[in-house]
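Have a look at the structure below, then the notes.
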Amino acid sequence: MNKVITREQIKDNLDQKKNMIIVEALPKKYFDTEHLPGALNIPHDEIGQKASEILPEKDAFIVVYCASTGCENSKIATDTLRNMGYTNAFEYVEGKEHWLEKKFPVEVTK
């Protein structure tokens, strides 16, 4: 079972500028359209190959999200990270759709 985090906790951490790595586990085209502030894009099917290089600290505070509760990408990515030894990986289960419902800020890749 993955550790989970809420959108309010993420927003509070962003507002307080806490050291947190946010990972969007969707394909690049969805990431480029809009993503949570400061997020990195590592699609769920690439995380096993890319995590060690992009996320070198196994104890870093990592939040992984995807599109919505109906999307399994964040669960798959978080499971992969935990199996790779990442001890502080959290899943934002409700995902980007939930974030946008509150009109919280997003970034767009130009």
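Only the coordinates and a few stated rules stand behind these numbers; no lab work does. All values reported here derive from a predicted model rather than from experimental measurement. Here the Cβ positions follow ideal geometry from the backbone for every residue, glycine too, while neighbour counts run over all protein chains shown.
General observations
- Virtual spin-label span in nm between F104 and K18, 7 Å along Cα→Cβ: 1.2 nm
- Between the amide H of V63 and those of I21, I22, V23, F90, distances stay under 5 Å, these residues lying 5 or more places away or on another chain, with hydrogens modeled in the peptide plane.
- Stretch in the chain that is longest and holds no GluC sites (Glu not before Pro) that DSSP places in a loop and that have at most 14 other beta carbons within 10 Å: 1-56
- The charge dipole of the chain, taken about the Cα centre with unit charges on the Cβ atoms of Lys, Arg (+1) and Asp, Glu (-1), comes to about 160 debye, rounded to the nearest 20.
- The Cα center of segment 16-37 and the Cα center of segment 86-110 differ in position by 6 Å.
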